[in-house]
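The values are calculated or read from the model by the stated rules, or taken from the named source; none is laboratory data. Keep in mind that what you see is a predicted model, and the values were worked out from it rather than measured. For neighbour counting, all protein chains shown are included, and Cβ atoms are generated from backbone atoms with ideal geometry for every residue, glycine included. In case anyone asks, the SASA skips ligands and DNA or RNA and just uses the protein heavy atoms, side chains included. Shrake-Rupley method; radii C 1.70, N 1.55, O 1.52, S 1.80 Å.
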Amino acid sequence: MQTVKVNASTPYEVVIGAGVSAKIGDYLIELGCKGKVMIVTDSHVAPLYAEGVADELVYRGFEPSIYTFDAGEESKTLKVYGEILSFLAEEGFSRSDTVLALGGGVTGDMAGFAAATYMRGVTFINMPTTLLAAIDSSVGGKTAVDLPQGKNLVGAFYQPSLVLFDTDFIKTLPYDEIRNGLGEGVKYAVLEGGRIFEILSEGLTSETLEEFICLCVDAKRRIVEADEKEGGTRKLLNLGHTVAHAVETLTEFVVPHGVAVAYGVRVMARLANQRGELSEEEFYKIEEILLTNDLGLELNPIEELIPYFTADKKRAGDTLTLVTIAGIGDCRLTEIAIEDAGAYFMV
Ligand code: ADP
Ligand code: ZN
């Protein structure tokens, strides 16, 4: 078991290890929680883990309730969010009670937003159950739901009081979901270099899983602590994401997020190499790590993606902040005018 302490506006711990979910009651007592706990979970995760967590809470004197929604991004709506709030009210939750997310990124985002807004904010505990949520979305305090007009358009920055990741949860995770997490993992590997890169180059195993998650969480912690609300350096976490968002839009989200990020990293690595900013040797190391992790996706002609880069124009203005790769462990923010995107990408 390992712990990473995040010094956000409200500090909290991320606890990672095999079997840690069995201690959830003890952790909540340590945090000073008492009374009611709403476990928000989805229809795949509920039958696997919700009763176990609820039993631990009862054993420690809490009063848990379980709210289960249909698994999938389609549920990350104002409607389901509203139903969670109504359920909290019906069950008589007060400001001193707790919301606990048990699931992947969809669950964490939506339960986190419910916790942020119910009675102007109640204690939020996040228990991620996917690799992607463990290494990425569970740290950083972003919560949200989607609108028909786009993803994550309604939300808040709201820090959890605790993130608890039981590495045993990975055992039931389907292969496609592991691969999706590895896509975001490759992003950390290229951002950080060093041991994270080494672990993924060798292929993640049950022996390296805990260390890998800790290193990714710690990398995100450092970046987020420096820039909690995404003014500057936090944008480094967007490595591969401009291209990823284009791929997701182009394929109407058939390509899942982490896989699209790996694609984006591949595009940025190739571009940096072609522009003479990334050495041949490091470029091939990045190609290798993608192949090892079953993420060596065939690239579309870049011309097909460029029009989608401008889609963010309304929000971002006339410039695009790209995360460019100068080396493994050496990524930089590069601003270009949106009108120059074509020329920049087609070297
Ligand atoms: P993410 O955004 O982290 O990829 P989602 O919330 O979209 O996560 O979850 C991805 C899918 O994996 C969902 O169908 C979810 O129900 C399922 N799932 C999440 N955790 C587990 C687990 N530990 N075992 C089996 N299935 C899981
Ligand atoms: Zn991402």
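Some points to look at:
- Within the stretch 250-298, GluC sites (Glu not before Pro) in DSSP loop having at most 10 other beta-carbon neighbours inside 10 Å: Glu252, Glu298
- Tilt relative to the chain, helix 280-292 - C-alpha long axis, 0 to 90 degrees, to 10: 40
- Rg over Rh for the stretch 173-295 works out to 0.96, both radii taken from alpha-carbon positions and Rh defined as the Kirkwood radius.
- Working note: 222 nm ellipticity from helices only, DSSP H runs with n ≥ 4, each -39,500 (n - 2.57), summed and divided by the residues of the chain, gives -12500 deg cm²/dmol to the nearest 500.
- Multiplying each eigenvalue of the alpha-carbon gyration tensor of the stretch 2-172 by 5 and taking the square root yields semi-axes of 21, 18, 16 Å, largest first, rounded to whole angstroms.
- With one equal scatterer per alpha carbon and no solvent term, the Debye-computed log10 I(q)/I(0) for the stretch 110-189 at 0.14 1/Å reads -0.53.
- Reachable aspartates and glutamates, given that their alpha-carbon falls under 13 Å from the alpha-carbon of Lys151 and they are not under 8 places away in the same chain: Glu73, Glu74, Asp109, Glu248, Glu252, Asp312
- Taking all protein chains into account, the per residue accessible area for the chain stands at 43 Å² (1.4 Å probe).
- Against the main long axis of the alpha-carbon atoms of the chain, helix 175-192 sits at an angle near 60°.
- In this view, the solvent-accessible surface of Cys214, computed with a 1.4 Å probe and all protein chains in place, comes to about 10 Å².
- Under-5 Å amide H pairs with Leu162, H placed in peptide plane, nonlocal only: Asn126
- For the stretch 264-326, diffusion coefficient by Stokes-Einstein and Kirkwood Rh (Cα), 25 °C, 0.890 mPa s, µm²/s: 187
- Restricting the stretch 273-308 to chymotrypsin sites (Phe, Trp or Tyr not before Pro) in coil, as DSSP defines it, with at most 12 other Cβ within 10 Å: none
- Taking every C-alpha pair closer than 8 Å and separated by at least 6 residues, the mean separation divided by the residue count of the chain gives a relative contact order of 15 percent.
- Gained length - Lys34 relative to Leu333, 0.36 nm times residue gap less alpha-carbon distance: 103.2 nm
- Using the Karplus relation 6.51 cos²θ - 1.76 cosθ + 1.60 with θ = phi - 60°, the per-residue 3J(HN,Hα) values for the stretch 107-124 come to 5, x, 4, 6, 5, x, 5, 4, 5, 5, 10, 5, 6, 6, x, 10, 4, 10 Hz, with x marking Gly and Pro.
- Summary value for the stretch 2-172: 26 percent relative contact order, contacts being C-alpha pairs under 8 angstrom separated by 6+ residues.
- Approximating the spin labels as points 7 Å out from Cα along Cα→Cβ, the Arg195-to-Phe253 distance works out to 3.6 nm.
- Computed from backbone phi, the HN-Hα couplings of the stretch 341-347 come to 4, x, 5, 5, 7, 9, 6 Hz, rounded to whole numbers (Karplus: 6.51 cos²θ - 1.76 cosθ + 1.60, θ = phi - 60°; Gly and Pro given as x).
- Percent carbon-and-sulfur accessible area, the stretch 22-117, ignoring ligands, DNA and RNA, probe 1.4 Å: 52
- Sparsely packed loop sites in the stretch 243-275 (the trypsin sites (Lys or Arg not before Pro) outside DSSP H, G, I, E and B with at most 13 other Cβ atoms within 10 Å) comprise Arg275.
- Stokes-Einstein, applied to the Kirkwood radius of the chain over Cα pairs at a viscosity of 1.567 mPa s and 4 °C, places its translational diffusion at 63 µm² s⁻¹.
- In this structure the amide hydrogen of Tyr67, modeled in the peptide plane, comes within under 5 Å of the amide hydrogens of Ile39, Val40, Thr41, none closer than 5 places in sequence on its chain.
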